[in-house]
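As structure tokens, the structure follows; a few thoughts come after it.
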Amino acid sequence: MNPSQKRVFIDLDGTLLNSEGSVSFFTKQEIEKAINRNIEIWICSGRPYCFAQKIANMIDERIKTISYNGCMIESNIEDSFNPQILEDILKLMSPESIIILKSRTTLYSNKLPVIDSFAYRDELKTYSMEEKPLIEYQNDCILKVLILEKNQYAHMKDNLMKQNLECSIAFYENLGCEITPKGINKGSAVKKVRQENDIIIGIGNDMNDISLFEASDIAVAMKNSHKQLLSMAHVITSSNDQDGVGKYLETL
């Protein structure tokens, strides 16, 4: 029998990145040590490919990436939205909803400039993503939809659930949701790269990490995780501001 290979899939926001949006020196060191012990490290994020790849290269160029919640594995697009499904989603949104559609290189939104509180200004400025009005998305390949809806969150969620749309949805209570094409999520991407005898370790903190945990042999939740992730975890590590990722990798 071939020896097992450990592959560790690490979420970015609230997991690898601390509250300042950076990776500590200690955690960078532990990632490098893990790779040198033949542990394969993946960033597994809902962020765009350019963002995930930039973070990976800042730490260690041997890190691989899954981005757009599984729509891209490394530089390859796995799937994109059917135009009719996308149109059906947009019809369900209220005029107050903030809608952001993401292609590989562009953010399309009905509220420009895209709001600072979700750090998308950093993506635009640092990672060369364009910003365009929502109505211009039709000829692009859309990989992910982000809906921000605080005031009518329950109504938005109810509308999306009733329609039984052919897509994957991660809801964030009283905030909004992330939507990807049907069957596409972090877990589906992990299953695509998994090989025989792998030991899959998933580290995350929020609702779009549920599928990652389900696809993992060992699910590791940050101390700052959503309660549902904490209930699913085999291991709970320190928070993202207390080097939780680095401390866990140190034990492998």
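By the rule of a C-alpha distance below 18 Å, with chain neighbours fewer than 8 residues away ignored, the aspartates and glutamates paired with LYS223 are ASP11, ASP13, GLU20, ASP206, ASP209, ASP241, ASP243, GLU250.
In terms of surrounding Cβ atoms within a 10 Å radius of their Cβ, PHE51, PHE81 rank from fewest to most as PHE51, PHE81.
Counting only GluC sites (Glu not before Pro) that sit in a DSSP loop (anything but H, G, I, E, B) with at most 16 other Cβ atoms within 10 Å, what is the longest stretch of the chain containing none of them? Here the longest segment lacking exposed loop sites spans 97-165. Dipole magnitude for the chain: computed about the Cα centre from +1 point charges on Lys and Arg Cβ and -1 point charges on Asp and Glu Cβ, it is near 220 debye. Counting charges near THR15 (Lys, Arg +1; Asp, Glu -1) among other residues having Cβ under 15 Å from its Cβ returns a value of -3.
Residues in the stretch 226-235 carry Karplus couplings, in order, of 4, 4, 5, 5, 4, 6, 8, 6, 7, 9 Hz; the curve used is 6.51 cos²θ - 1.76 cosθ + 1.60 with θ = phi - 60°, and Gly or Pro positions show x.
In the Gaussian network model of the chain, springs joining C-alpha atoms below 10 Å, which of PRO181, PRO95, PRO133 carries the largest mean-square fluctuation? Its mean-square fluctuation being the largest, the pick is PRO95.
Taking a straight line from the alpha carbon of LYS162, these lysines sit under 22 Å away, with near neighbours fewer than eight places off in the same chain left out: LYS91, LYS144, LYS150, LYS182. In the chain, Rg over Rh equals 0.96, where Rg is the alpha-carbon radius of gyration and Rh the Kirkwood radius from pairwise Cα distances. Express the Stokes-Einstein translational diffusion coefficient of the stretch 152-252 in µm² s⁻¹, to the nearest whole number, given a Kirkwood radius over alpha-carbon pairs, 4 °C and a viscosity of 1.567 mPa s. Result for D is 88 µm²/s. Note on the chain: helix-only mean residue ellipticity at 222 nm, from DSSP H runs of 4+ residues weighted -39500 (n - 2.57) and normalised by residue number, equals -8500 deg cm²/dmol.
The P(r) of the stretch 6-121 has a tail past 20 Å containing 50 percent of all C-alpha pairs.
Against the main long axis of the alpha-carbon atoms of the chain, helix 49-59 sits at an angle near 30°. The HN-Hα couplings worked out from phi for the stretch 104-113 by the Karplus form 6.51 cos²θ - 1.76 cosθ + 1.60 (θ = phi - 60°) are 5, 10, 9, 10, 10, 8, 7, 10, 10, x Hz, whole numbers, x standing for Gly and Pro. Near the amide H of CYS44, within less than 5 Å, lie the amide hydrogens of ILE10, ASP11, LEU12, ILE66, all on another chain or at least 5 residues away, with H placed in the peptide plane. Report the one residue of LEU175, VAL190, ASN240 whose Cα lies farthest in the direction of the positive end of the charge dipole of the chain (charges on C-beta: Lys and Arg +1, Asp and Glu -1; origin at the Cα centre). Selected residue: VAL190. Of the Cα atoms belonging to the stretch 80-181, the radius of gyration and Dmax stand at 13.0, 39 Å.
Read-outs throughout are calculated quantities, based only on the coordinates presented, and are distinct from any laboratory measurement. Just so it is clear, the model here is predicted, and its values are computed rather than measured. Neighbour counts run over all protein chains shown; Cβ positions are idealised from the backbone, glycine included.
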